[in-house]
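Q: Got a structure here, written out as structure tokens. Questions coming.
The values are calculated or read from the model by the stated rules, or taken from the named source; none is laboratory data. For clarity, every value in this text was computed on a predicted model and none was experimentally measured. When we count neighbours, we look across all protein chains shown, and the Cβ atoms used for this are built from the backbone with ideal geometry, even at glycine. When the accessible area is computed, the model is the full protein with side chains, heavy atoms only, and any ligands, DNA or RNA have been set aside. Shrake-Rupley method; radii C 1.70, N 1.55, O 1.52, S 1.80 Å.
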Amino acid sequence: ATLLNEPRAKERLLRHLEAAERLAKDDPVALARVRLDRRWLMDYWVEPHEMLKKTVGRMLRACRVPSGAVTVDGEASDAVWREADRTDEFFKPIFTKDAVRESIPAELRTRVSVCQDGGNFYFLIDAKEPNVDGLRMTAGKDQNIWGDDCIEIFLCPPSMDTKYYHVAVNARGDVYDARCPGDESSCDLGVEAKTKRTERGYVIELRIPATKMY
């Protein structure tokens, strides 16, 4: 959604699609593919961008904390977490245009807090899961952790243009980090993550250094 923050990006993309449709008008297969690209542009870029603009003012602010104020141990006991911005306003994913936006049920709701010390981002994730014994934790370092019970974070530094960072951590604390697109998992941000399982789910506390992002 943030890719359309660039001024006139949407208008330029739509002009390219219009030109592609004209060029493909005598080729049914190519025309169908261009029209599919248009649909994906609207569904996955334009509509999420409009939704993103509506949330401005409700976004989390990563407040500045002193260096050393966060101990990454999965205990969530540092005083800074009581003051950090947090949210549990998440929704079920929408895969069709006609789907109704639904909130996550209370028994599955995840709460996220964030802060930073000038060189690192810190996240505290309290993920509810009634079936703690059934947690899936099979992937290892830089494997398909998104197939486990996990959290995923996508970071888009302003200096990176069309690139972004993908960080995933499962309930055991295994980490996947990559520069995308391309899933460049050889990129190692030095993410530090600790987890703790509770009776109602699991807690992830992690530090993501900003110094290796460019």
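Q: Please identify the trypsin sites (Lys or Arg not before Pro) of the stretch 1-77 that satisfy two criteria: DSSP loop assignment and at most 14 other Cβ atoms within 10 Å. Which are they?
A: R8, K25, R58, R61
Q: While we're here: Express the carbon and sulfur contribution to the solvent-accessible surface of the chain as a percent, rounded to the nearest whole number, probe 1.4 angstrom.
A: The value for the chain is 51 percent carbon and sulfur by accessible area.
Q: Within the stretch 70-166, which trypsin sites (Lys or Arg not before Pro) sit in a loop by DSSP and count at most 14 neighbouring Cβ atoms inside 10 Å?
A: Passing both the DSSP loop test and the Cβ count: K97, R101, R136, K141.
Q: Any idea of the accessible area per residue across the chain, 1.4 Å probe, to the nearest Å²?
A: Accessible area per residue, the chain: 62 Å².
Q: Lysine pairs in the chain 8 or more apart or on different chains: how many have alpha carbons under 19 angstrom apart?
A: 13
Q: Turning to a different aspect of this structure: What relative contact order, as a whole-number percentage, does the stretch 68-214 give when Cα pairs under 8 Å and 6 or more residues apart are counted?
A: About 25 percent, as a whole number.
Q: Another question, if that's okay. Build a GNM of the chain with springs between Cα atoms under 10 Å: which of V112, V132, V191 gets the top mean-square fluctuation?
A: Evaluated over the chain, the most mobile residue of the options is V132.
Q: A further question follows. Run the helix sum for the chain: -39,500 (n - 2.57) per DSSP H stretch of 4+ residues, divided by residue count, reported at 222 nm to the nearest 500 deg cm²/dmol.
A: Dividing the helical sum by the residues of the chain leaves -5500 deg cm²/dmol.
Q: Right, next: Using r as the Cβ-Cβ distance of K92 and D161, and R0 as 25 Å, what FRET efficiency do you calculate, to the nearest 0.05?
A: 0.20
Q: Could you tell me which GluC sites (Glu not before Pro) in the stretch 1-98 are loop residues by DSSP with no more than 14 other beta carbons within 10 angstrom of their beta carbon?
A: E75, E83, E89
Q: Shifting gears a bit: In the neighborhood of W40, defined by Cβ-to-Cβ distances under 14 Å, what is the net charge if each Lys or Arg adds +1 and each Asp or Glu adds -1?
A: Cβ neighbours under 14 Å give a net charge of +3.
Q: Which of (i) 23, 21, 16; (ii) 35, 20, 18; (iii) 37, 22, 15 is the computed semi-axes √(5λ) of the Cα gyration tensor in Å for the structure on display?
A: It is the one labelled (ii).
Q: With r as the distance between the Cβ atoms of S77 and M51 and R0 = 30 Å, compute the FRET efficiency 1/(1 + (r/R0)^6) and round to 0.05.
A: About 0.30, to the nearest 0.05.
Q: Give the accessible area for F154 in Å² (nearest 10); use a 1.4 Å probe, count only protein heavy atoms, and leave out ligands, DNA and RNA.
A: Approximately 110 Å² of F154 is accessible to the 1.4 Å probe.
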